[in-house]
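Input: a single structure, listed below in structure tokens.
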Amino acid sequence: MFKLTSLNLNGIRSAASKGLEDWVAQSLPDCICVQELKAQAADVSGRFESLAGLKGHFHFAEKKGYSGVAVYTRHEPSDVIVGCGSTEFDAEGRYVELRFDRPGRKHTPKLSIISCYFPSGSSGEDRQAAKFRFLDEFYPHLAALKAQRDFVLCGDINIAHQEIDLKNFKGNRKNSGFLPEERAWMTELLRDGAPAAGVAAPGGGLIDVYRQLQPTATDEAYTWWSNRGQAYAKNVGWRLDYHLATPAFAALARREHIYKAQRFSDHAPMSVDYEFAL
């Protein structure tokens, strides 16, 4: 089995102080995709280049203490792509793609594992507008990538897609992360590749791997809890962390697990076991 984990760290130094590296050593993922490093290259140097024996590949934000993503892996990639080609958002350190291309491999001979951190729009109208710009740019990027290769994107998407993906869906319909436009974007990304009635363009054709394995899970599906009030204690959560995969790779998913026994950040690690070998 190939174990792939995604976790928003809300600061790698903070998460490390809460036992992250020991947990990774015990959990033994083949790859762990992390978001919100909140660190630059100088902060990582000599401390976080590797994590429990997994080698890190990074995309740092230009702004200090902000964003940043990485993939830690025990396998050597055939290529590393830093940034998704966006002038605006590559400066924010939101995308790193590791390619594991093996021409003789039976399943998905061309495979990418991506760590991505979507913008949040919760701080105000300006950032919500930026989030919409990101979604508009990112959809064609994913479509172009899907036409060339299989991939799984792990990350904090900052969108709860369906009503079962958050506790208080009725009270959040006008809030960032559950806006109708954001949910429609997700629906289109996950729509089957064939054109729909009245829609000329094909859908994105990606698979929400967690929902493939757990189509009706509610309370146990949450991966993020606000630090306000007693959201975690009361499990007033949201499902914001995803594995989004091309159909061929999603078909290899066998088990999922959201780890809640320890807290490393305001997000929980979400892992999926794939019947696959790099």
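The values are calculated or read from the model by the stated rules, or taken from the named source; none is laboratory data. Please read these numbers as outputs of a predicted model, since none were measured by experiment. Quick reminder, even Gly has a Cβ in these numbers, built from the backbone with ideal geometry, and neighbours come from all protein chains shown. The accessibility values were calculated without ligands, DNA or RNA, using every heavy atom of the protein model including side chains. Shrake-Rupley method; radii C 1.70, N 1.55, O 1.52, S 1.80 Å.
All told, Arg47 falls short of being open to solvent by 10 Å² or more (accessible area, probe 1.4 Å) and within 26 Å of Tyr139 (Cα to Cα).
The residue that is nearest to Ile32 (Cα to Cα), counting only those in region 75-102 that are of a type in the set (D, E, K, R) and within 19 Å of the chain's Cα centre (by Cα), is Glu97. Collect the residues in region 106-145 that are in contact with an Asp or Glu (Cβ under 9 Å, 6 or more places away or on another chain), closer than 20 Å to Leu7 by Cα and surrounded by fewer than 20 Cβ atoms within 10 Å (Cβ to Cβ), keeping them in residue-number order. Correct list: Ser120 only.
From the list Glu275, Glu181, which residue is open to solvent by 70 Å² or more (accessible area, probe 1.4 Å) and farther than 30 Å from Lys106 by Cα?
Glu181 is the lone residue from the list that is open to solvent by 70 Å² or more (accessible area, probe 1.4 Å) and farther than 30 Å from Lys106 by Cα.
For first residues located in region 4-27 and within 20 Å of Gly46 (Cβ to Cβ) and open to solvent by less than 20 Å² (accessible area, probe 1.4 Å), partners that are assigned to a helix (DSSP H, G or I) and aliphatic (A, V, I, L, M) and lie 6+ apart or on another chain with Cβ distances below 6 Å form the pairs Leu9/Ala15.
Checking each residue in region 50-105 for being in contact with a His (Cβ under 8 Å, 6 or more places away or on another chain), open to solvent by 50 Å² or more (accessible area, probe 1.4 Å) and in a loop (DSSP other than H, G, I, E, B) picks out only Gly85. Annotation note: Cβ proximity below 6 Å between a residue of region 257-278 that is outside any loop (DSSP other than H, G, I, E, B) and a residue that is of a type in the set (A, V, I, L, M) and surrounded by fewer than 18 Cβ atoms within 10 Å (Cβ to Cβ) (sequence gap 6+ or interchain) occurs for Asp273/Met1. Going by the structure shown, is Asp30 in contact (Cβ under 8 Å) with a residue 60 or more places away in the chain, touching a Lys or Arg at 6+ places or on another chain (Cβ under 7 Å) and either loosely packed, with under 14 Cβ neighbours inside 10 Å or of a type outside the set (Val, Ile, Thr) (or both)? Yes. Of the residues screened, Ala261 is one that is open to solvent by 60 Å² or more (accessible area, probe 1.4 Å), out of contact with any Pro (no Cβ under 8 Å at 6 or more places or on another chain), among the small types (Gly, Ala, Ser) and at pLDDT 95 or above. Scanning region 32-60 for residues that are of a type in the set (D, E, K, R) and within 22 Å of Asp266 (Cα to Cα) returns Glu36, Lys38, Asp43.
Looking for something crowded, with 20+ Cβ neighbours inside 10 Å and without any contact (Cβ under 8 Å) to a residue 40 or more places away in the chain - is there at least one such residue anywhere in region 184-207? Checked region 184-207: at least one residue is crowded, with 20+ Cβ neighbours inside 10 Å and without any contact (Cβ under 8 Å) to a residue 40 or more places away in the chain.
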